[in-house]
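What follows is a set of notes on a single structure, which appears directly below.
All of the numbers you see were taken from the coordinates with simple rules; none came from a lab. As the structure is a computational prediction, the values presented were derived from the model and not from experiment. Cβ sites come from the backbone with ideal geometry, for glycine too, and all protein chains shown count toward neighbours.
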Amino acid sequence: MEKEFQEQLAAKVARMDEMVKEYLPKEEGYQKTIFSAMQYSVLAGGKRLRPILMEETYRLFGGTSTVIEPFLAAMEMIHTYSLVHDDLPAMDNDEYRLGKQTPLVVNGEAMGILAGDALLNYAYETALTAFDREPENPYIPKALQVLAREAGVYGMVGGQVVDVETTGQKQAPEVLHFIYHRKTAALLMASMKIGAILAGAEEAYQKQVEKAAEELGMAFQIQDDLLDVLGEEAVLGKPIGSDEKNEKTTYVSLYGIEAARQEVEKRSRESVALIQALPYENDFLVQLMLTLIHREK
Ligand code: GRG
């Protein structure tokens, strides 16, 4: 079972790699440096977790059309832009991600900033092509709204703002919750919710999926905190200890390693329970959510 799941996952990641690549602009023209910076960062080898969660949620509710494809690619572009900007000297100042130098190291800081800008804008250009595929599809506008909102000042950007502003200070637990909910969970929430919306899931189920993704996102970030303390650099592809270096309050620094482990387990199981309580089934999705509890990268 485990082997079968791993094979299925590897096949889905490979398919997602191909698909995102197809949607990226070709490297040509006077501005081709930006195209290669976009390709370099998106194709660096991420887990493709967000688009896979989006597509599996779409399948959960019986979605079958290719209208989801531009959204899958757009989500990975937004995720990648956030990582590129997060690595900039003014933010986390990281030179390595996934074992590779970040675009700003390869092409300079200005190109690092522009690569992030380019990916963010191109994400919307890409998502909007859903209308070319299915001009009459009634679900596309809401899916676009969710994508834009969760990436923005009420979502990921909002979380990052408070994260940057409170770095070096001891944060209250509710502030830490605000940051994790937006900085990390927001894109996972958007991913799963967009899958549900495009499949035509009813409103109550969309909310249930969003809550499941919120729990998963919180668990995902707390696991990230744990990996920053306990992870193996060779597996992570980046140095550990960056939270301490950057004077970040994390779930681990506030509550300790054991409590953090338990919180990851608890929230992940709650998330899975919410998905399993739906009158639809997708075993692969459930397995994927469960594997994230013990992820090592
Ligand atoms: C710059 C507006 C702006 C936001 C940045 C995403 C983010 C917010 C910061 C990155 C730092 C960080 C630890 C974020 C938490 C989310 C997280 C663990 C991202 C990494 O996601 P993975 O593991 O990445 O899915 P891969 O590389 O597998 O795609």
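Gyration tensor analysis over the Cα atoms of the range 191-271 returns equivalent ellipsoid semi-axes of 30, 14, 10 Å (largest first, whole Å).
Note: relative contact order over the chain, using C-alpha pairs below 8 Å and six or more positions apart, is 19 percent. How would you classify the range 66-156 from its alpha-carbon gyration tensor, with a ≥ b ≥ c the square roots of the eigenvalues: rounded for a/c under 1.5, else prolate if a/b is greater than b/c, otherwise oblate? The shape class here is prolate. Share of Cα-Cα pairs in the chain beyond 28 Å, in percent? Considering the chain, 35 percent of its Cα-Cα pairs are separated by more than 28 Å.
Of the chymotrypsin sites (Phe, Trp or Tyr not before Pro) found in the range 25-69, the ones in coil according to DSSP and having at most 10 other Cβ atoms within 10 Å of their Cβ are Tyr30. Dipole orientation for the chain: of the candidates Thr57, Ile78, Ala186, Thr57 has the Cα lying most toward the positive pole (charges on Cβ; Lys, Arg +1; Asp, Glu -1).
Among the DSSP helices (H) of the chain, those spanning at least 20 angstrom by Cα along their long axis with an average Kyte-Doolittle hydropathy of -0.5 or more are 69-86, 109-128, 203-230; this is a geometric and hydropathy rule only. Take the Kirkwood radius over Cα pairs of the range 43-119, plug it into Stokes-Einstein at 20 °C and 1.002 mPa s, and you get 158 µm²/s for translational diffusion. Just checking the listed ones, Ala37, Ala196, Ala110: in the Gaussian network model of the chain with Cα springs under 10 Å, the one fluctuating most is Ala110.
Is the range 109-176 best put as rounded, prolate or oblate by its Cα gyration tensor, with a ≥ b ≥ c the root eigenvalues, rounded for a/c under 1.5, and otherwise prolate when a/b is larger than b/c, oblate when not? Display every interim value, and only then the final one.
Numbers: a/c = 6.64, a/b = 1.73, b/c = 3.84.
Note, shape of the range 109-176 comes out oblate.
Find out how many positive minus negative residues lie around Val162, taking Lys and Arg as positive, Asp and Glu as negative, among other residues whose Cβ is under 10 Å from that of Val162. Combined, the nearby Lys, Arg, Asp and Glu give 0. A Gaussian network model of the chain, with springs between Cα atoms under 10 Å, assigns the largest mean-square fluctuation among Tyr180, Tyr280, Tyr23 to Tyr280. For the range 150-223, GluC sites (Glu not before Pro) meeting the loop criterion (DSSP other than H, G, I, E, B) and having at most 11 other Cβ atoms within 10 Å: Glu202. Please work out the Cα center distance from the range 123-201 to the range 203-273, rounded to the nearest Å. Computed from Cα coordinates, the inter-centre distance equals 18 Å. Prolate is the label for the range 237-279, because the ratio a/c of its alpha-carbon gyration tensor axes (a ≥ b ≥ c) is 1.5 or higher and a/b is greater than b/c. Note on Lys12: lysines with a C-alpha under 16 Å away, same-chain residues under 8 apart excluded, are Lys3, Lys21, Lys47.
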